[in-house]
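Everything on this sheet refers to the single structure shown next.
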Amino acid sequence: MSKTTKRKHVTKEVLDGYVLPAKNQKIVKVLGGKGNNLHEVETSEGEKYLVSMPTKFRKNVWIKRGDYVVIQPIQEGEKVKAEIFAILYDSQIKYIQSQEKWPKEFVLPATADVTCDIRTVDTDDSSKSDDDLFVNTNRPQCVYESTDHSDSDDSSSAQPKDKDYK
């Protein structure tokens, strides 16, 4: 099996697979990556320990801080106490909640109550505003002033106003 085919099947399994945790499995929250495919997790009881990412997920699926995973305990580890069995995404979390298997200690923000603010596109140029545009904070903020090009007032030209300039 080629790498591309493997990646396709693993990704499909992760995204489309709806799993419920078995008796020996737990749902945990990822606190962060610790390197070498190890991740620190927290259980619903507040216990923190390391879990390993299985080989089939490595370089195919990524998890980040705050994600939820299903883990399966392993016997041979002192520091690493479990292995990731499944990675949970929003639709899978909703499925587990509907089956009433979600730990009550993991309170999720209500995503169903969010309403989208859809604005109609206005073709009138006078009503447009730059207030809702993204501001890049990595660049210095420049203020541009418009100048009048009237014949009677030459002092309002776009030349710099410096006394030593003349």
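Considering only residues that are closer than 17 Å to ILE84 by Cβ, assigned to a loop (DSSP other than H, G, I, E, B) and of a type in the set (A, V, I, L, M), which ones fall in region 1-26?
VAL19, LEU20, ALA22
Which members of region 27-54 meet the condition of being part of a loop (DSSP other than H, G, I, E, B) and at positive phi? Steps first, please.
In the first step, residues of region 27-54 are kept if they are part of a loop (DSSP other than H, G, I, E, B); the result is 36-37, 43-47, 53-54.
The answer is ASN36, ASN37, GLY46.
So VAL14 ticks every box in (1) open to solvent by 50 Å² or more (accessible area, probe 1.4 Å); (2) in contact (Cβ under 8 Å) with a residue 60 or more places away in the chain; (3) over 18 Å from GLU105 (Cα atoms) but one. Which box is left unticked?
(1)
Sort through LYS56, LYS8, LYS3 and tell me the only one that's under 20 Å from PRO73 (Cβ atoms), open to solvent by 50 Å² or more (accessible area, probe 1.4 Å) and modelled with pLDDT under 95.
Selected residue: LYS56, the only one of LYS56, LYS8, LYS3 that is under 20 Å from PRO73 (Cβ atoms), open to solvent by 50 Å² or more (accessible area, probe 1.4 Å) and modelled with pLDDT under 95.
Which one of these does ILE27 not meet: (1) surrounded by fewer than 13 Cβ atoms within 10 Å (Cβ to Cβ); (2) in contact with a Phe, Trp or Tyr (Cβ under 7 Å, 6 or more places away or on another chain)?
So ILE27 meets the others, but not (1).
Could you list, in sequence order, the residues of region 86-101 that are more than 16 Å from the chain's Cα centre (by Cα) and in a loop (DSSP other than H, G, I, E, B)?
Kept after step one, since they are more than 16 Å from the chain's Cα centre (by Cα), are these residues of region 86-101: 86, 92, 94-101.
The answer is GLN99, GLU100, LYS101.
Can you confirm whether region 71-79 contains a residue that is within 27 Å of MET1 (Cβ to Cβ) and surrounded by 16 or more Cβ atoms within 10 Å (Cβ to Cβ)?
Yes, region 71-79 has at least one match.
Every residue, every condition in (1) under 16 Å from ALA22 (Cβ atoms); (2) assigned to a strand (DSSP E or B), yes or no:
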| residue | (1), (2) |
| --- | --- |
| LYS56 | no, no |
| ILE63 | no, no |
| GLY66 | no, no |
| VAL70 | yes, yes |
| LYS81 | no, yes |
| ILE84 | yes, yes |
| PRO103 | yes, no |
| PHE106 | no, no |
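The values are calculated or read from the model by the stated rules, or taken from the named source; none is laboratory data. Computed from a predicted structure; not experimentally measured. Neighbour counts are summed over all protein chains in view; Cβ atoms, including those assigned to glycine, are modelled from backbone coordinates with ideal geometry. Calculation scope for accessible area: heavy atoms of the full protein, side chains included, ligands and nucleic acids excluded. Shrake-Rupley method; radii C 1.70, N 1.55, O 1.52, S 1.80 Å.
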